[in-house]
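A.B. asks: What follows is a single structure, and I will ask about it in a moment.
The values are calculated or read from the model by the stated rules, or taken from the named source; none is laboratory data. For clarity, every value in this text was computed on a predicted model and none was experimentally measured. Neighbour counts run over all protein chains shown; Cβ positions are idealised from the backbone, glycine included.
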């Protein structure tokens, strides 16, 4: 199995939005509404203009299978924040969801600590997303803090996890 990242481009917009709107992905996201085409295109226009952000397509065995975003890539302290999601439907159909989660995590960490030269890689996870929190622990992330955040009008517990280059 090969797992790599490639820069996202305009040709990826429809698949990214389709994957992001999957009910399981939306249910564990910090914004849970279904994203329309106009909203998605506005996001894409904005993110392409931000020098501090990068969007990648995760390739699982050469096939587009997920999205990884990095923010803070130009920060002086090299504290990079990430987010990600997979093509749940397609990977489940092929019986490759768990290997893809592992591959995405490894490829994203390698990219953050390698080409992006991050000193820390951190992100927010809803506290009830136990599978992702367990995956983060497996890859050496530590819980830095817990806090409440309003997610679609409801207070939800959020866990900030972080991986440090020095760890």
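A.B. asks: Restricting to region 110-141, and then to whatever is within 18 Å of residue 77 (Cβ to Cβ) and within 14 Å of the chain's Cα centre (by Cα), can you tell me which residue is surrounded by the most Cβ atoms within 10 Å (Cβ to Cβ)?
C.D. replies: For region 110-141, the residue satisfying everything is 112.
A.B. asks: Tell me the residue from 112, 117 that is on the phi > 0 side of the Ramachandran plot and outside any strand (DSSP E or B), please. So that I can check it myself, show each step before the final result.
C.D. replies: On the way: 112 fails: on the phi > 0 side of the Ramachandran plot.
One residue alone meets the criteria, 117.
A.B. asks: Scan region 69-91 and tell me whether some residue there is touching a strand residue (DSSP E or B) at 6+ places or on another chain (Cβ under 8 Å), more than 26 Å from residue 149 (Cβ to Cβ) and surrounded by fewer than 15 Cβ atoms within 10 Å (Cβ to Cβ).
C.D. replies: no
A.B. asks: Quick one: residue 144 ticks every box in (1) at pLDDT 95 or above; (2) loosely packed, with under 14 Cβ neighbours inside 10 Å; (3) within 16 Å of the chain's Cα centre (by Cα) bar one, so which box is it?
C.D. replies: Every condition holds for residue 144 apart from (3).
A.B. asks: Exactly one of these conditions fails for residue 128: (1) under 21 Å from residue 32 (Cα atoms); (2) without any contact (Cβ under 8 Å) to a residue 24 or more places away in the chain. Give me its number.
C.D. replies: Of (1) under 21 Å from residue 32 (Cα atoms); (2) without any contact (Cβ under 8 Å) to a residue 24 or more places away in the chain, only one is false for residue 128: (2).
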